[in-house]
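Data first, discussion second: the structure below is written as structure tokens.
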Number of protein chains: 2
Amino acid sequence: MTRWLPDARGRLTVAAIALYGERGFEQTTVAEIAERAGVTERTFYRHFSDKREVLFGGSGDLQATVIGAIEAAPPGRAPIDVMGDAMASAAALMQPGRDHSRGRAAVIEANPSLQERELLKLATLSAASAEALRRRGVPTLAAAVAAEAGVTVFKLGFERWIADSAAGTAGDAAGDTLGDTAGAAPESGDAPDFARCIREALDELKALTNPSR
Amino acid sequence: MTRWLPDARGRLTVAAIALYGERGFEQTTVAEIAERAGVTERTFYRHFSDKREVLFGGSGDLQATVIGAIEAAPPGRAPIDVMGDAMASAAALMQPGRDHSRGRAAVIEANPSLQERELLKLATLSAASAEALRRRGVPTLAAAVAAEAGVTVFKLGFERWIADSAAGTAGDAAGDTLGDTAGAAPESGDAPDFARCIREALDELKALTNPSR
DNA sequence: GCATTGATGTCAGTTTCTGTCATCAGGCTA
DNA sequence: TAGCCTGATGACAGAAACTGACATCAATGC
């Protein structure tokens with residue numbers, strides 16, 4: 001007979017996201033999260049370093065995927081394309097969890113203190129990616145710039161992936177804060193493909209820095 | 001007769017930086033900062049939203065300078081150069097406070113929670129810069145990318161400006177984590193010029209994204 | 001003179017986060 | 001089977017970060 005229900009960490013994550021969404025991050029106490037998950041407040045802090053970290057439990061996996069993809073890239077490939085491919089492969093893993101990602105992003109967007117944490121995670125990812133590129137022989141500055149570009153592409157692609165396309169019926173183009181409406185949703189009503197969003201963002205970034213051809 | 005000593009905010013800032021440097025950020029309590037500044041803890045929180053914010057009191061001025069420079073730039077100038085000039089003009093204002101900046105940077109580098117705050121400030125600066133570029137007629141995506149590049153250049157230039165060149169006698173080249181030793185210090189023993197560091201970083205970034213010529 | 005204002009003090013209270021020790025199911029070994 | 005770890009959790013105390021409410025009183029303006 002088990003002494004406790006399994007996967008306390010998972011229950012804490014679910015409870016936290018639900019409560020943050022229902023009543024807001026600041027209006028939720030750790031004690032409430034713990035209670036809904038059926039554990040003690042102390043147990044929350046054994047699984048997560050603080051109240052924000054519970055929203056970023058997947059960042060380790062994300063980084064591992066990206067770094068692995070960089071290391072597995074063919075030797076001759078340009079750094080920026082290595083980054084693009086790596087981000088696209090991470091995106092593919094996230095594709096099934098689009099609803100989860102949307103809810104999470106909405107919570108983060110509403111709270112500067114969560115944005116801080118997200119920026120730190122992305123900066124860490126960028127630094128680790130640059131280091132991985134360097135191990136492939138890319139010079140220091142070029143590696144840092146390519147890694148930063150890759151993270152930027154990830155952000156841009158994520159925004160498009162998450163953007164409310166085909167939420168209701170067809171023809172809803174309101175709330176498009178990014179200027180032009182993108183493709184990336186072949187059939188109206190389907191969820192857009194994250195990896196494709198990233199590749200599109202990368203192409204546009206390339207066109208921008210190399211307008212001649 | 002004045003009821004309180006003037007400039008409580010300034011005294012709090014000085015006290016905080018001193019204590020954070022002496023015994024570390026986490027080992028310092030707000031009560032200690034307030035005591036050294038001759039005020040109560042409550043007054044600290046009237047001037048700064050939290051314990052970290054006291055290190056970022058100048059970020060408002062920095063952003064105002066950058067945005068002002070963007071708006072004052074000649075109409076035809078390329079967005080990336082507008083950003084470079086804007087960052088250089090902000091750098092000029094910071095030049096006299098190099099020692100202060102170094103101490104502050106050391107404290108931030110040692111504390112992830114302060115790095116978070118710094119990343120948020122820089123992201124805010126980037127977003128505001130992009131908005132200012134957009135008001136000049138730069139398309140949305142190009143504005144965002146140029147602004148991001150400008151902030152990156154600021155970071156790179158700052159690292160070089162702060163790097164320990166000519167601390168003791170001549171010929172000390174240890175601790176150079178950035179690969180090649182930069183110029184930017186015409187006479188050995190002088191503090192490097194921040195604006196020049198930024199222009200150099202910008203030139204290298206340009207060379208990187210446009211290797212052909 | 002006198003009311004108003006604004007920066008600060010005072011104090012109680014909530015919440016976040018940490019250190020420490022106790023508990024006890026499951027697994028391992030004799 | 002008995003007995004000893006181990007690891008995850010509970011229980012509890014406490015420091016420190018922050019907040020809200022009200023009081024104080026020099027300076028300012030009428």
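Could you say which residue among A:Ala72, A:Ala128, A:Ala106 is in contact with a Gly (Cβ under 8 Å, 6 or more places away or on another chain) and of a type in the set (Gly, Ala, Ser)?
Every option except A:Ala106 fails the conditions.
When you look at B:Ala86, is it aliphatic (A, V, I, L, M) and under 17 Å from B:Ala149 (Cβ atoms), yes or no?
Yes, satisfied.
Which members of the stretch B:6-23 meet the condition of being outside any helix (DSSP H, G or I) and either surrounded by 11 or more Cβ atoms within 10 Å (Cβ to Cβ) or more than 13 Å from DNA strand D (Cβ to nearest atom) (or both)?
B:Asp7
Can you find, within the stretch B:24-34, the residue that is farthest from B:Val107 (Cα to Cα) among those that are exposed (fewer than 14 other Cβ atoms within 10 Å of the Cβ) and not β-branched (Val, Ile, Thr)?
Filtering first and then ranking leaves B:Ala31.
Only residues that are under 17 Å from the mean Cα position of the chain (by Cα) and without any contact (Cβ under 8 Å) to a residue 60 or more places away in the chain: list them for the stretch B:42-57, please.
Passing the criteria: B:Val54, B:Gly57.
May I ask you to list the residues in the stretch A:42-54 that are more than 14 Å from every other protein chain (Cβ to nearest Cβ) and either more than 14 Å from DNA strand D (Cβ to nearest atom) or part of a helix (DSSP H, G or I) (or both)?
A:Arg42, A:Thr43, A:Phe44, A:Tyr45, A:Arg46, A:His47, A:Val54
Hey, among A:Ala34, A:Ala86, A:Ala92, which residue is assigned to a helix (DSSP H, G or I) and not assigned by TED's automatic domain parsing to the domain that holds A:Phe158?
A:Ala34
Every residue, every condition in (1) more than 30 Å from A:Ala72 (Cα to Cα); (2) hydroxyl-bearing (Ser, Thr, Tyr); (3) modelled with pLDDT under 95, yes or no:
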site	(1), (2), (3)
A:Ala106	yes, no, no
A:Arg135	no, no, no
A:Glu148	no, no, no
A:Ala184	no, no, yes
A:Ser212	yes, yes, yes
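In the stretch B:41-85, how many residues are of a type outside the set (D, E, K, R) and surrounded by fewer than 13 Cβ atoms within 10 Å (Cβ to Cβ)?
8
Looking at the stretch A:25-41, can you tell me whether even one residue there is more than 14 Å from every other protein chain (Cβ to nearest Cβ), away from DNA strand C (no atom under 15 Å from the Cβ) and either in contact with a Gly (Cβ under 8 Å, 6 or more places away or on another chain) or in contact (Cβ under 8 Å) with a residue 12 or more places away in the chain (or both)?
yes
If I filter the stretch A:128-146 for residues that are within 13 Å of the chain's Cα centre (by Cα), part of a helix (DSSP H, G or I) and either within 14 Å of chain B (Cβ to nearest Cβ) or closer than 18 Å to B:Ser126 by Cα (or both), do I get at least one hit?
Scanning the stretch A:128-146 turns up no residue that is within 13 Å of the chain's Cα centre (by Cα), part of a helix (DSSP H, G or I) and either within 14 Å of chain B (Cβ to nearest Cβ) or closer than 18 Å to B:Ser126 by Cα (or both).
Tell me yes or no: at least one residue of the stretch B:58-72 is within 14 Å of another protein chain (Cβ to nearest Cβ), touching a residue at least 12 places away in the same chain (Cβ under 8 Å), away from DNA strand D (no atom under 12 Å from the Cβ) and within 19 Å of B:His100 (Cα to Cα).
Yes, the conditions are met somewhere in the stretch B:58-72.
Which of the numbered conditions does A:Leu93 fail, given that it passes all the others? Conditions: (1) within 16 Å of DNA strand C (Cβ to nearest atom); (2) under 20 Å from A:Trp161 (Cα atoms); (3) of a type outside the set (Ser, Thr, Tyr).
(1)
Among the residues in the stretch A:85-105, are any within 14 Å of chain B (Cβ to nearest Cβ) and of a type in the set (A, V, I, L, M)?
no
What about A:Glu26, is it part of a helix (DSSP H, G or I) and charged (D, E, K, R)?
no
I need every pair where a residue in the stretch B:197-209 that is in contact (Cβ under 8 Å) with a residue 24 or more places away in the chain has its Cβ under 6 Å from the Cβ of a residue that is assigned to a helix (DSSP H, G or I) and basic (Lys, Arg), sequence separation at least 6 or different chains.
B:Cys197/B:Arg160
The values are calculated or read from the model by the stated rules, or taken from the named source; none is laboratory data. Source: prediction; values computed, not measured. So basically every Cβ, Gly included, is an ideal-geometry build from the backbone, and we count neighbours across all protein chains shown.
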